[in-house]
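Before any comments, here is the structure.
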Amino acid sequence: MKLKKDLFIYLKKIMKKNKIFITGARGFVGKNLVNYCRQHNFIVFNPSRKELDLNNYKKTSLYLKIHNPDFIVHLASRTIPRINSSVEYKKQFHDTINPTINIAMAASKKLKMLISLGSIEEYGQCKTPFLESMIPKPNSSYGLAKVQSFFYFKKICQDKKIRNIWLRPSLMFGENMNSSRLIKLIIDRYVN
């Protein structure tokens, strides 16, 4: 009888579902990631902007304390490349930099992994092939916001000793992608 009970407790522990908090779940990557995680038995938290304002540190911190995710995947940002103006930069600070800082600051030290999505725009005018050792030279407000987000993210995670990954994808495509993106137009032309 004791063996059965111990076995049940052990199985319950190893079969525990991981909880994942995903920001930017309405975007292309976010939608696909949410679907994938749900299909693989993750408990997914993906609040809308109306449900959680990532610019509000107190609300972000409270949300993470209540839901206590095992993983955070931060995808939310203002993905408008190639526009340089002070007005656009203020919007980038609001939609890209500040949420990244708040997520990292509010993340628990017990978190298994904090993942954030950068951009190839961070490299801007660097010569290819891009290397992690290069000094970023962004040529857009989006690239600049991503670079600044990265430095805040890295520093906060180091200080708090949180395991983290900063991904810089160069090209993403797949089901439900934005039809105005160049790669989608090329694929559609080829298929047709």
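Any residue at all in segment 111-124 that is modelled with pLDDT under 80, assigned to a helix (DSSP H, G or I), under 18 Å from GLY24 (Cβ atoms) and in contact with a Ser or Thr (Cβ under 7 Å, 6 or more places away or on another chain)? Among the residues of segment 111-124, at least one is modelled with pLDDT under 80, assigned to a helix (DSSP H, G or I), under 18 Å from GLY24 (Cβ atoms) and in contact with a Ser or Thr (Cβ under 7 Å, 6 or more places away or on another chain), which makes the answer yes. Taking the residues in segment 137-159 that are out of contact with any Ser or Thr (no Cβ under 6 Å at 6 or more places or on another chain) and under 13 Å from ILE80 (Cβ atoms) as candidates, determine which candidate is surrounded by the fewest Cβ atoms within 10 Å (Cβ to Cβ). Filtering first and then ranking leaves SER140. Within segment 50-73, how many residues turn out to be open to solvent by 100 Å² or more (accessible area, probe 1.4 Å) and under 17 Å from MET113 (Cα atoms)? Here the count works out to 1. Number of residues in segment 125-150 that are more than 15 Å from the chain's Cα centre (by Cα), assigned to a helix (DSSP H, G or I) and among the hydrophobic types (A, V, I, L, M, F, W, C) equals 1.
Within segment 22-62, the set of residues being of a type outside the set (A, V, I, L, M), modelled with pLDDT of 95 or more and assigned to a helix (DSSP H, G or I) comprises TYR57, LYS58, LYS59, THR60, SER61.
Would you confirm, using the coordinates I've provided, whether ASP95 is outside any strand (DSSP E or B), at negative phi and modelled with pLDDT of 95 or more? It is false that ASP95 is outside any strand (DSSP E or B), at negative phi and modelled with pLDDT of 95 or more. Checked against (1) within 24 Å of ASN35 (Cβ to Cβ); (2) at pLDDT 75 or above; (3) in a helix (DSSP H, G or I), PHE153 passes all but a single condition, namely (1). Cβ-Cβ distances below 8 Å connect the following pairs, each with a first residue in segment 33-59 that is more than 21 Å from SER149 (Cα to Cα), a second residue that is in a helix (DSSP H, G or I) and open to solvent by 100 Å² or more (accessible area, probe 1.4 Å), and a separation of six or more residues or different chains: VAL44/ARG38.
The values are calculated or read from the model by the stated rules, or taken from the named source; none is laboratory data. Here the structure is a predicted model, which means the values were calculated and not measured. Neighbour counts are summed over all protein chains in view; Cβ atoms, including those assigned to glycine, are modelled from backbone coordinates with ideal geometry. Note: accessible area is taken over every heavy atom of the protein model, side chains too, but ligands, DNA and RNA are not part of it. Shrake-Rupley method; radii C 1.70, N 1.55, O 1.52, S 1.80 Å.
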